[in-house]
1. How about region 98-110: which of its residues are surrounded by fewer than 19 Cβ atoms within 10 Å (Cβ to Cβ) and closer than 27 Å to R45 by Cα?
2. Of everything in region 1-19, what is exposed (fewer than 15 other Cβ atoms within 10 Å of the Cβ), modelled with pLDDT of 90 or more and of a type outside the set (V, I, T)? Give them in sequence order.
3. Given T48, T95, which one is surrounded by 17 or more Cβ atoms within 10 Å (Cβ to Cβ), under 30 Å from I123 (Cβ atoms), modelled with pLDDT under 95 and more than 11 Å from the chain's Cα centre (by Cα)?
4. Going through region 53-90 one residue at a time, which ones are within 23 Å of V22 (Cα to Cα), of a type outside the set (A, V, I, L, M, F, W, C) and surrounded by fewer than 17 Cβ atoms within 10 Å (Cβ to Cβ)?
5. Being of a type in the set (V, I, T) and at pLDDT below 95 is true for just one of V22, V81. Which residue is that?
6. Of all residues in region 99-118, which are touching a Ser or Thr at 6+ places or on another chain (Cβ under 7 Å) and not hydrophobic (A, V, I, L, M, F, W, C)?
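The values are calculated or read from the model by the stated rules, or taken from the named source; none is laboratory data. Values in this document were obtained by computation on a predicted structure and should not be read as measured data. Neighbour counts run over all protein chains shown; Cβ positions are idealised from the backbone, glycine included.
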Amino acid sequence: MNPIYQFDSHVTADVVDRNSHVNNVAYIQWLQDAAVGLRGPAVARRATTAVGAIWVVRTHHIEYLAPALAGDTLTMQTWVVNFKKVRSLRKYKITRAKDQIIVALAEIDWVFVNAKTGRSMAIPDEDGC
C-alpha cells in the first residue's frame, strides 16, 4: 500500500470567490502543493531534483462534493495509485476537519519531465514521488 501524505490548510478570505466559497483555482494550488510543493515528501523532491526532472500535469479531475468556506480547516490527503514508464496517477481527498465531510475528491495524471528539455523521461526506480 502506498503511503498517504496529509496536511491541514486553513481557508483564508483571499481564496473565497463571489459565491462565498473556496474558488476552484485554490483547490488546484492545494493539489499541486500536496504533490510537488513544499508540503510534498522531501525524499521524493530530492530524488526528482537529483535526476534533473520535474513533474507536470497531464490531466486533472476534481469532483466538488461540499463547499469550503473562509475559516474552515481542510485536511488534504494524497497518495500515488501507480507509476507507469513516464507517468504517475495520484489521488486526493479533501475533508473539512470540523465535521469530516468530504469536500472534494480529485486525481491528477502527472508526467515526469526533463527540466532542461521539457521532454518526458522514464521515472527512475528509486524515485519515491
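1. Start the filter on region 98-110 by keeping residues that are surrounded by fewer than 19 Cβ atoms within 10 Å (Cβ to Cβ), which leaves 98-102, 105, 107, 109.
Those that are surrounded by fewer than 19 Cβ atoms within 10 Å (Cβ to Cβ) and closer than 27 Å to R45 by Cα: L105, E107, D109.
2. Result: D8, H10, A13, D14, D17, R18, N19.
3. Working: T95 fails: modelled with pLDDT under 95.
T48 is the lone residue from the list that is surrounded by 17 or more Cβ atoms within 10 Å (Cβ to Cβ), under 30 Å from I123 (Cβ atoms), modelled with pLDDT under 95 and more than 11 Å from the chain's Cα centre (by Cα).
4. Hits for region 53-90 are T59, H60, H61, E63, Y64, P67, G71, T73, T75, Q77.
5. Numbers: V22 fails: at pLDDT below 95.
One residue alone meets the criteria, V81.
6. Correct list: D109 only.
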